[in-house]
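The structure appears below as structure tokens.
A short reminder: the numbers here are calculations on the coordinates, not readings from a lab. From a predicted model like this one, the values you see are computed outputs, not experimental measurements. All Cβ positions, glycine included, derive from the backbone under ideal geometry; neighbour counts span all protein chains shown.
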Amino acid sequence: MYALLIEPLLCQLVQVDMPVTTLPVGTRILFLTDMHHHRWGKREESYLRCLPPDPVDVIIYGGDFLGSRVGIDAALRFVSHVHQKYPNTPTFGVCGNAEHKLLPELRNAFLTQLNGLGVVTLLNDHANCRVNDVDITIVGTDDPYYGFHDLPAAFSNVPSSMASLLITHSPQVIRTAIAFQPALVLSGHTHGGQVRIPGIGPIRTQNPLSRMISMGRYSPEELASLLHMTTLSSTWLYVSRGLGLAFVPHIRWLAPRFLCRPEVTLITISR
């Protein structure tokens, strides 16, 4: 019962230092992903309590706002709360596979409503953002898990001299993404496995890279080793455990978290 009723409500503010040399030092990035909203309830309240008290410089949504069609109102309510807490903060987001379970007309209407709340949705596109008096490029792909991503289109006309931050719902495209030299890649989708066994790790991550990349911070050296790359890049990766829950396949009422608490992520760029 702990995994079903208690840990899903134990939201944690995870604070991470990322020594990304090409992004402005001191930049505070609030990363929220995999909320999987259904109807508003205790989980959503726990997410709001975990938000950092101080201002942030950029807000990033990593996709999977929705747990079902009925979650649209709760998703918009949550984004509205975040927008009110950090007014005038540049905000960007991408679609996850959950959004592609909607009919196109409903999905487009939802994305329009997100835009009305200040979320610039990047679907294989990019936008410039000024952070701490430095211009950077925010790049976003459409969902890779269902195959809607297009990295060449997303990075088209991005100056090689400008530092870029890539948002892509699933980390499965990290090997290809590295070729475009983003300074930092932010992903979710895996939920950290959602259930982690001591000494074993995650049982299942829904990631084509299997359990190799499941959660947390990955340095360029670690990525080179894990991906068996012969050339070292400068790209860092962060994979969030996410906030919401995925159901066990074929058991639509069973959605546990065990040793894998829901996560609000605050990333600070350091040296």
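Picking from D17, D54, which residue would you name as being among the charged types (D, E, K, R) and closer than 24 Å to M162 by Cβ?
So the residue among D17, D54 that is among the charged types (D, E, K, R) and closer than 24 Å to M162 by Cβ is D17.
Does any residue in region 151-177 that is farther than 19 Å from T21 by Cβ come within less than 6 Å, Cβ to Cβ, of a residue that is aromatic (F, W, Y) six or more places away or on a different chain, and which pairs are these?
The qualifying pairs are F155/F180; S170/Y145.
Going by the structure shown, is L165 within 17 Å of D34 (Cβ to Cβ), under 13 Å from the mean Cα position of the chain (by Cα), surrounded by 18 or more Cβ atoms within 10 Å (Cβ to Cβ) and aliphatic (A, V, I, L, M)? Quick ask: steps written out before the conclusion?
On the way: within 17 Å of D34 (Cβ to Cβ): no; under 13 Å from the mean Cα position of the chain (by Cα): yes; surrounded by 18 or more Cβ atoms within 10 Å (Cβ to Cβ): yes; aliphatic (A, V, I, L, M): yes.
Taking the combined requirement at face value, the residue does not satisfy it.
Looking at (1) among the hydroxyl-bearing types (S, T, Y); (2) under 15 Å from the mean Cα position of the chain (by Cα); (3) over 12 Å from P262 (Cβ atoms), find the lone condition where Y2 falls short.
So Y2 meets the others, but not (2).
Within region 53-71, track down each residue that is more than 25 Å from P171 (Cα to Cα) and in a loop (DSSP other than H, G, I, E, B).
P53, D54, P55
Among the residues of region 93-128, how many are part of a helix (DSSP H, G or I) and closer than 20 Å to P152 by Cα? Show your work before the answer.
Keep residues of region 93-128 that are part of a helix (DSSP H, G or I), which gives 99-101, 104-116.
In the following step, the residues that additionally are closer than 20 Å to P152 by Cα were identified as none.
The qualifying residues number 0.
Could you check, for region 129-146, whether at least one of its residues is in contact (Cβ under 8 Å) with a residue 40 or more places away in the chain, outside any loop (DSSP other than H, G, I, E, B), on the phi > 0 side of the Ramachandran plot and buried (at least 22 other Cβ atoms within 10 Å of the Cβ)?
no
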